[in-house]
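The values are calculated or read from the model by the stated rules, or taken from the named source; none is laboratory data. Given the structure is predicted, the values throughout are model-derived calculations rather than measurements. Backbone-built Cβ (ideal geometry, glycine too); neighbour counts: all protein chains shown. Side chains are part of the model used for accessible areas, which takes the heavy atoms of the whole protein and leaves out ligands, DNA and RNA. Shrake-Rupley method; radii C 1.70, N 1.55, O 1.52, S 1.80 Å.
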Amino acid sequence: GQQLNQSPQSMFIQEGEDVSMNCTSSSIFNTWLWYKQEPGEGPVLLIALYKAGELTSNGRLTAQFGITRKDSFLNISASIPSDVGIYFCAGLVGGSYIPTFGRGTSLIVHP
Amino acid sequence: NAGVTQTPKFQVLKTGQSMTLQCAQDMNHEYMSWYRQDPGMGLRLIHYSVGAGITDQGEVPNGYNVSRSTTEDFPLRLLSAAPSQTSVYFCASRPSVGQVFKEQYFGPGTRLTVT
């Protein structure tokens, strides 16, 4: 099956800093998804991307569908303490409706 | 509109016991699925359903059964619990099958420990 490599595994940053994380695959995906999971909760869908090169924002979050269709990127600008959580990427190959998940990036924001 | 609800929130089982994890949604979503999440791992799909009466296996189905008698409910059954099934289980739903994710919701999870 498809495998997603998500990096970095964890990040420790100061409040106000910008954050970048990415997800890469050996397979071509038709859809990329980004989720946030807060401690003790289920994941929440943040952004969905459907076209190579697409750039989509959700507040201070911006995600991009890589032009090779094998990667995606998530940026968080001006981080705040409530950004703490695990960020997961997920992708769907053509013809599938079942997403494959990355292992997540754990984000800690120091006030 | 309660979204996706899961019960129980916590459960401890002994090896060999059986139990059912409940999942319900009140959004009339066709597609429902069960995932397990283990430390440092992403979400792995156990079983899914594209509508009432239709279920199929995901990536890690062994030791689990599901049924979908109504649109709202999608219970997950552990037939004979094993320590390897210690995990956090999430139920999820979305309006329909397809690659467009207009809405998708996860439940709050069930934390299961098998001793």
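Here is how the numbers come out for the structure above:
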{"read-out": "Residue match in the range A:55-71 (condition: aromatic (Phe, Trp, Tyr) and touching a Ser or Thr at 6+ places or on another chain (Cβ under 8 Å))", "value": "yes"}
{"read-out": "Filtered residues of the range A:63-111 (kept if open to solvent by less than 60 Å² (accessible area, probe 1.4 Å) and among the aromatic types (Phe, Trp, Tyr))", "value": "A:Phe65, A:Tyr87, A:Phe88, A:Phe101"}
{"read-out": "Strands (runs of 3 or more DSSP E) within the range A:1-51 that include 3 or more residues under 14 Å from A:Cys89 (Cβ atoms) and touching a residue at least 12 places away in the same chain (Cβ under 8 Å)", "value": "A:4-7, A:19-25, A:31-37, A:44-49"}
{"read-out": "Residues being closer than 21 Å to A:Val44 by Cα, within 14 Å of another protein chain (Cβ to nearest Cβ) and either open to solvent by 20 Å² or more (accessible area, probe 1.4 Å) or more than 13 Å from the chain's Cα centre (by Cα) (or both) - total across the range B:59-93", "value": "1"}
{"read-out": "Matching residues in the range A:62-86 - criterion: being of a type in the set (A, V, I, L, M, F, W, C) and within 13 Å of the chain's Cα centre (by Cα)", "value": "A:Ala63, A:Phe65, A:Phe73, A:Leu74, A:Ile76, A:Ile86"}
{"read-out": "Residue list for the range A:52-66, restricted to those being more than 16 Å from A:Gly94 (Cα to Cα) and not in a strand (DSSP E or B)", "value": "A:Gly53, A:Glu54, A:Gly59, A:Arg60"}
{"read-out": "Among (1) buried (at least 16 other Cβ atoms within 10 Å of the Cβ); (2) within 11 Å of chain A (Cβ to nearest Cβ); (3) not hydroxyl-bearing (Ser, Thr, Tyr) - the single one B:Ala24 does not satisfy", "value": "(2)"}
{"read-out": "Those residues of the range B:97-115 which are surrounded by 13 or more Cβ atoms within 10 Å (Cβ to Cβ) and either farther than 25 Å from B:Ile54 by Cβ or of a type in the set (S, T, N, Q) (or both), in sequence order", "value": "B:Gln99, B:Gln104, B:Pro108, B:Thr110, B:Arg111, B:Leu112, B:Thr113, B:Val114"}
{"read-out": "Residues within the range A:74-91 that are under 13 Å from A:Met11 (Cα atoms) and within 14 Å of chain B (Cβ to nearest Cβ), tallied", "value": "3"}
